[in-house]
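Report on the structure given below.
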Amino acid sequence: PTISDVIQFIFNRLLKCLPSYWFCLVFIIFVQKHIGSGPTWHLQDQIMDKCTQNNAWLANLFFVNNWFFDPGFDKFINSLYTQKNMGNDAAPSKVLDNGACLPYTWFIAVYMQLSLFLPLWLYLYSKFKKQIKICHVIIIVVALLNRYLLVNQIYSDMYLNDLPTQGMTNPARNI
């Protein structure tokens with residue numbers, strides 16, 4: 001592949017994603033808050049406020065919002081589930097405390113970053129096959145270790161500390 005092929009590849013990827021993503025981003029951040037109402041609309045307002053505070057939407061605009069995503073979103077979902085099961089139907093006062101703007105768009109940022117990085121990676125692979133294969137193994141091990149540590153941290157805080165300490169029995173043995 002020549003330099004012009006690489007530039008054409010990157011341009012096609014940008015043309016594929018940018019117009020629709022940026023339109024949705026601008027609509028969700030700046031227009032949506034003016035067109036809705038309802039009993040749970042304040043939750044939507046809290047989510048959108050995260051985008052306008054400290055210009056957090058710029059991370060989405062340049063496809064780096066996945067670097068700022070915090071797993072606090074999982075804790076928020078867990079808190080809703082816990083409140084519902086405890087009979088407390090009141091909505092939480094703070095929706096997303098992680099400062100991420102539209103955290104559910106992280107995969108678009110990853111897609112664009114991989115699309116921009118792919119030509120360089122393929123070029124390096126064609127020149128240094130053995131070293132790149134070693135890099136692949138290292139990247140996979142680091143990614144798995146990272147995921148393990150992240151999941152261990154989140155779910156040990158959410159579930160293991162909240163388990164009841166007494167009265168746990170095996171229902172199959174009580175027959």
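Give me the number: length gained by fully extending CYS135 to ASN12, i.e. 0.36 nm times residue separation minus the C-alpha to C-alpha distance, one decimal in nm.
41.5 nm
Along Cα→Cβ, 7 Å out, is where each label goes; now give me the distance between the ones at VAL26 and THR2 in nm to one decimal.
The modelled label-to-label distance comes out at 3.5 nm.
Multiply the residue gap between GLN53 and LEU149 by 0.36 nm, knock off their C-alpha separation, and tell me the result in nm, one decimal place.
Stretched fully, the GLN53-LEU149 segment lengthens by 31.6 nm.
Compute the FRET efficiency between LEU122 and VAL64 as 1/(1 + (r/R0)^6), taking r as their Cβ-Cβ distance and R0 = 22 Å, and round to the nearest 0.05.
Working from the Cβ atoms, E equals 0.45.
Throughout, read-outs are computed from the coordinates displayed, never taken from laboratory work. Remember, predicted model here, so these are calculated numbers, not experimental data. For neighbour counting, all protein chains shown are included, and Cβ atoms are generated from backbone atoms with ideal geometry for every residue, glycine included.
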